[in-house]
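The values are calculated or read from the model by the stated rules, or taken from the named source; none is laboratory data. Predicted, not measured: the structure shown is a model, and the values here were computed from it. For neighbour counting, all protein chains shown are included, and Cβ atoms are generated from backbone atoms with ideal geometry for every residue, glycine included.
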2 protein chains.
Amino acid sequence: MAELKNDRLLRALRRQSVDRTPVWIMRQAGRYLPEYRATRARAGGIIELFRSPELACEVTLQPLERYDLDAAILFSDILTVPDALGLGLYFEAGEGPRFRDPVRTAADIEALPELDPERDLGYVIEAVRTIRRALGGRVPLIGFSGSPWTLATYMVEGGSTRDFARIKTLAFADPRRMHRLLALLARAVTSYLEAQIRAGAQAVQLFDTWGGVLGHAAYREFSLQYMVQIVEGLRAGAGRHVPVIVFTKGGGGWIEDIAASGCDCIGLDWTADLGAARRQTGGRIALQGNMDPAILRAPPERIRAEVAALLDSYGPGSGHVFNLGHGVTPEIDPEHVRVLVEAVHELSPAYHV
Amino acid sequence: MAELKNDRLLRALRRQSVDRTPVWIMRQAGRYLPEYRATRARAGGIIELFRSPELACEVTLQPLERYDLDAAILFSDILTVPDALGLGLYFEAGEGPRFRDPVRTAADIEALPELDPERDLGYVIEAVRTIRRALGGRVPLIGFSGSPWTLATYMVEGGSTRDFARIKTLAFADPRRMHRLLALLARAVTSYLEAQIRAGAQAVQLFDTWGGVLGHAAYREFSLQYMVQIVEGLRAGAGRHVPVIVFTKGGGGWIEDIAASGCDCIGLDWTADLGAARRQTGGRIALQGNMDPAILRAPPERIRAEVAALLDSYGPGSGHVFNLGHGVTPEIDPEHVRVLVEAVHELSPAYHV
């Protein structure tokens, strides 16, 4: 494969010196871009879009045509794994993702198969290969998966939820069954990320979108423990040299636990204090984030001021990957994303002299 | 008024010695209780219920008849203040609270009147007087209000929201106007709590339900700053000797900032680490919380184990008020709440010898 021309992201993830802070944006390939909406309309829907390696590649590259970003991230859905396990993913307008056959009973859990990613999620693995070829070494490609806990919440709730009633009842009232489901998902996610890495992913991110709805002890028991298993699994095999980013939304209070997981980088949401997180982890780990996506609604001067404040909060030296604290939302003006990227380019070299 | 017979809560809030950890439960007067549902049905609806001092008193006392709790909390709604400011509160089945006239324009903000609580919220103040009489000194009565930021989110969004798009656009794109609204609300909440205190509230809690959707700097600017103004306002007048609890959901990362607000006690949600919070604040402030309400879905043994773990996490000595990390939810079995209260009674004396 083509030699990597921009290794800022990989160097920052390893806390090696860089000329400026690398920047990419969660959900950078997404609905705020008119060209994304056009491709999606052409595909016929979101499921058709991420199931097509060619179209997934097309939308993965779209933000790189607009902005001088330091990474591409595989365009896919967080729920491909449960879908491949037979739950029947579909999308209801305005309601988000849903499963036709949610996991509700002991028998449902027992009946879940082991995942074979090349067989069951071949379209994702092929998308990774296609994107790597199309990138031609321009920037690294980030692969990803939902965390076991986060996947389990959707599988048990059957879709989005505000109160996490079903999954928490399972976790607190029947922890043995909960752990059986999470262990199966940890094996599935490990093999899924290994397959992405073999196909060309140069870094991977675990999206633990819902770990933050748990208390501290429950987070360690039901979410972090399984992410540790995944990191250790990757280290023992195909992912030996591939940096792993762990992003727990709402995990700002548990940074030391996450740092001990063996991952290379902690993704922070915007409620975390970036400078405090750096002091807490003492430079042992890279940090990614963490601007509130809602700041992109503000005028350019305010966006630039926020970029400046975040760079200043992290301070001099490598180990910071600039990003939002969560995905960019559909109503954002693409020109405001440009303001963010250009502000990082302009202001960050002063922190790397 | 009758002499207070159980001062555990007030002593713990002042970090004075107690014989056991005081316990009350957020939303202890609520839909999980059949007697509450009966009174509410009799009233005709939630608005009719909290607007009637007699019925508000009746439901406030219901949980005290069932459980040996150490405090009563005024039964009211968090949105009485915006309603009194003319926004027209109503409830849509399954949708939560809504405002007929949300605050959307500069003119809407300019047109808001100053609150006179005795005139505009007389039914709440009368409920406080009625409850104090009915309590006869059995336990202290906690008054409360939403925080300015939390009230503003509902006023600007017009109801519940998942993404806080309108309020964050106002905050980040037009901060001067946002501050004008928050300053008005801080004055309104101060006078509202003062009126509750004059009517007999023996402690007050600020519910900052949505402070945690902000980043750290934005939290200080748009939420905490105004809670500090309220605490200082109370200290200068009627609330001089009345303990103030500040509860920011999702505020576990900002404990030192909240501790510096001048409040007596920080309410923690279940994602915060109680023991770490105590070490961080060095015993300078009381802490309230913080069991995940979802634990009440688990069998009694699990609830007891969680109570034990929380008491152990706080450790020996006063300054802990046992509570959930958020309100008890409607589907909880009232017998499980009994298990919690009795476990605190049984297990906590060992921490106060």
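What to note about this one:
- Failed criterion for A:A309 (all others in (1) under 18 Å from B:A217 (Cα atoms); (2) in contact (Cβ under 8 Å) with a residue 24 or more places away in the chain hold): (2)
- Number of the condition not met by A:K249 [criteria: (1) within 14 Å of chain B (Cβ to nearest Cβ); (2) within 14 Å of A:L287 (Cβ to Cβ); (3) surrounded by fewer than 23 Cβ atoms within 10 Å (Cβ to Cβ); (4) in contact with a Ser or Thr (Cβ under 6 Å, 6 or more places away or on another chain)]: (2)
- Single match in A:T169, A:T209 (criterion: among the polar types (S, T, N, Q), crowded, with 19+ Cβ neighbours inside 10 Å and within 14 Å of chain B (Cβ to nearest Cβ)): A:T209
- Selection status of A:F50, within 22 Å of A:T153 (Cβ to Cβ) and modelled with pLDDT of 95 or more: yes
- Residue satisfying all of: in the stretch B:52-82; buried (at least 21 other Cβ atoms within 10 Å of the Cβ) and of a type in the set (D, E, K, R); farthest from B:V23 (Cα to Cα) among these: B:E58
- From the options B:A43, B:A72, B:A127, residue that is over 18 Å from the mean Cα position of the chain (by Cα) and among the small types (G, A, S): B:A43
- Tally of residues being of a type in the set (A, V, I, L, M) and either farther than 13 Å from B:S223 by Cα or modelled with pLDDT under 95 (or both) across the stretch B:146-183: 5
- Conditions (1) more than 10 Å from chain A (Cβ to nearest Cβ); (2) under 28 Å from B:I25 (Cβ atoms): number failed by B:M178: (2)
- Residue count for the stretch B:186-212 satisfying the condition of being of a type in the set (A, V, I, L, M, F, W, C) and free of Cβ contacts under 8 Å to residues at least 60 places away in the same chain: 3.
- Scan of the stretch A:154-171 for residues that are free of Cβ contacts under 8 Å to residues at least 40 places away in the same chain and within 15 Å of B:R162 (Cα to Cα), ordered by number: A:T161, A:R162, A:D163
- In the condition set (1) under 16 Å from B:A152 (Cα atoms); (2) within 18 Å of the chain's Cα centre (by Cα); (3) of a type in the set (G, A, S), B:A203 is compliant with all but (1).
- Whichever residue in the stretch A:292-327 is within 18 Å of B:A171 (Cβ to Cβ) and touching a Gly at 6+ places or on another chain (Cβ under 6 Å) and, among such residues, is farthest from the other protein chains (Cβ to nearest Cβ): A:G325
- Of all residues in the stretch A:298-327, those satisfying the criterion of being in contact with a His (Cβ under 9 Å, 6 or more places away or on another chain) and surrounded by 19 or more Cβ atoms within 10 Å (Cβ to Cβ) are A:A298, A:I303, A:L310, A:L311, A:Y314, A:S318.
- Residue count for the stretch B:107-121, restricted to those that are outside any loop (DSSP other than H, G, I, E, B) and surrounded by 12 or more Cβ atoms within 10 Å (Cβ to Cβ): 5
- Boolean, A:G122 is closer than 24 Å to A:I73 by Cβ and in contact (Cβ under 8 Å) with a residue 40 or more places away in the chain: no
- Some residue of the stretch A:189-202 being facing chain B (nearest Cβ under 10 Å), in a loop (DSSP other than H, G, I, E, B) and either surrounded by fewer than 24 Cβ atoms within 10 Å (Cβ to Cβ) or of a type in the set (F, W, Y) (or both): no
- Verdict on B:L135 being in contact (Cβ under 8 Å) with a residue 60 or more places away in the chain and either closer than 29 Å to B:E54 by Cβ or not charged (D, E, K, R) (or both): yes
- Cβ-Cβ contacts under 8 Å between residues 6 or more apart (or on different chains), taken from a first residue in the stretch B:86-99 that is within 11 Å of B:I47 (Cβ to Cβ) to a second residue that is surrounded by 12 or more Cβ atoms within 10 Å (Cβ to Cβ) and among the polar types (S, T, N, Q), are listed as B:L89/B:T80; B:P97/B:S160.
- Residues within the stretch A:172-181 that are closer than 27 Å to A:G143 by Cβ and either touching a residue at least 60 places away in the same chain (Cβ under 8 Å) or buried (at least 23 other Cβ atoms within 10 Å of the Cβ) (or both), tallied: 2
- Residue selection: B:D163 satisfies the criterion of being within 14 Å of chain A (Cβ to nearest Cβ) and more than 25 Å from B:V228 (Cβ to Cβ).
- Some residue of the stretch B:259-277 being without any contact (Cβ under 8 Å) to a residue 24 or more places away in the chain, more than 22 Å from the chain's Cα centre (by Cα) and within 13 Å of another protein chain (Cβ to nearest Cβ): yes
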